[in-house]
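The values are calculated or read from the model by the stated rules, or taken from the named source; none is laboratory data. This is a predicted model, so every value here is computed, not measured. Here Cβ is always computed from backbone atoms with ideal geometry, including for glycine, and neighbour counts include all displayed protein chains.
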Amino acid sequence: MELKRFTYLLLMLITLIIPVVFSFNKRVQFFRKLKYLLPAIIFTSAIFILWDVRFTQLNIWSFNSEFITGLTILNLPIGEWLFFFAVPYFSMLIYETLKIKLNRFEQANLFLAFSLVLLVLLGLIAWFSRQKLFTFFTFFLLTIYFGYTIFRNRFKPYFIKFYLAYFIALIPFFIIRVIQTELPILIYNSAQIIGNRIINVPIENLGYFFLLFLMNVTIFEYLKERQFY
């Protein structure tokens, strides 16, 4: 088997290994929070994998066989499964680090107001992109879950850390997406996206990552606050 076919798998392994190493930082002690993080990642990954499987079946996106090993689960390459563990892991590490460094900085009401404006904007994007399946489902699901997060109130103190972590984590996320789309490992059906791209990455990925990260953060915080175990 050509080394080229291990590209996606190696990319995701590197993405996962680097934050795991930093998890043992004495101040953050992220590894101690894995009992809350792993259930959040597993639950969220299950939803995104089902979404991924269906959209692959519908040819909304596809994977280039030149860069994947050929080993698949539910017709998704192993690297794609790792994606839903690696990306939330490094994102949550950034989030937890910011929570410690910005412990007293909240501005909860300001960022709640910002979130309400953003919620309306996301809903409008979903409405006006109904003919583009990737765009519509991304922003429709994001609008629903984001609205739930806003109005349940318990997440209010964490908004500033979430937004800052999102914009920081967006950098490595986009590096991954650029590699995926430039080689290409991942190929998007141009008929199912609005067409706006950043370095060949469809703009929909901003919302896709927002939803992936938000679900992990909210479930993580819920489990940690309740301390069921």
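Worth pointing out:
Residues are listed down the side, and each one gets a yes or a no for (1) surrounded by 12 or more Cβ atoms within 10 Å (Cβ to Cβ); (2) modelled with pLDDT of 95 or more; (3) over 18 Å from the mean Cα position of the chain (by Cα); (4) farther than 23 Å from Phe167 by Cβ:
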position	(1), (2), (3), (4)
Val20	yes, no, no, no
Val53	yes, yes, no, yes
Gln57	no, yes, yes, yes
Phe63	yes, yes, yes, yes
Glu80	yes, yes, no, yes
Val117	no, yes, yes, no
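- Checked against (1) crowded, with 19+ Cβ neighbours inside 10 Å; (2) in contact (Cβ under 8 Å) with a residue 40 or more places away in the chain; (3) closer than 22 Å to Thr181 by Cα, Phe30 meets all criteria but (3).
- Yes/no for Asn200 being touching a Ser or Thr at 6+ places or on another chain (Cβ under 7 Å), without any contact (Cβ under 8 Å) to a residue 40 or more places away in the chain and either of a type outside the set (Gly, Ala, Ser) or over 29 Å from Leu11 (Cα atoms) (or both): yes
- Of all residues in region 122-139, those satisfying the criterion of being touching a helix residue (DSSP H, G or I) at 6+ places or on another chain (Cβ under 6 Å), surrounded by fewer than 18 Cβ atoms within 10 Å (Cβ to Cβ) and in a helix (DSSP H, G or I) are Gly123, Leu133.
- Long-range neighbours under 9 Å by Cβ, at least six apart or interchain, first residue closer than 22 Å to Asn59 by Cα within region 124-146, second part of a helix (DSSP H, G or I) and among the acidic types (Asp, Glu): Ser129/Glu204; Lys132/Glu204; Phe134/Glu204; Thr135/Glu204; Thr138/Glu204; Phe139/Glu204
- Candidates Thr7, Thr69, filtered to the one that is under 25 Å from Pro184 (Cα atoms), among the hydroxyl-bearing types (Ser, Thr, Tyr), touching a residue at least 12 places away in the same chain (Cβ under 8 Å) and surrounded by fewer than 18 Cβ atoms within 10 Å (Cβ to Cβ): Thr69
- Selected residue [surrounded by fewer than 18 Cβ atoms within 10 Å (Cβ to Cβ), assigned to a helix (DSSP H, G or I) and within 15 Å of the chain's Cα centre (by Cα)] from Ile144, Ile168, Ile150, Ile176: Ile168
- Among the residues of region 44-64, those identified as touching a helix residue (DSSP H, G or I) at 6+ places or on another chain (Cβ under 8 Å) and either part of a loop (DSSP other than H, G, I, E, B) or without any contact (Cβ under 8 Å) to a residue 12 or more places away in the chain (or both) are Leu58, Ile60.
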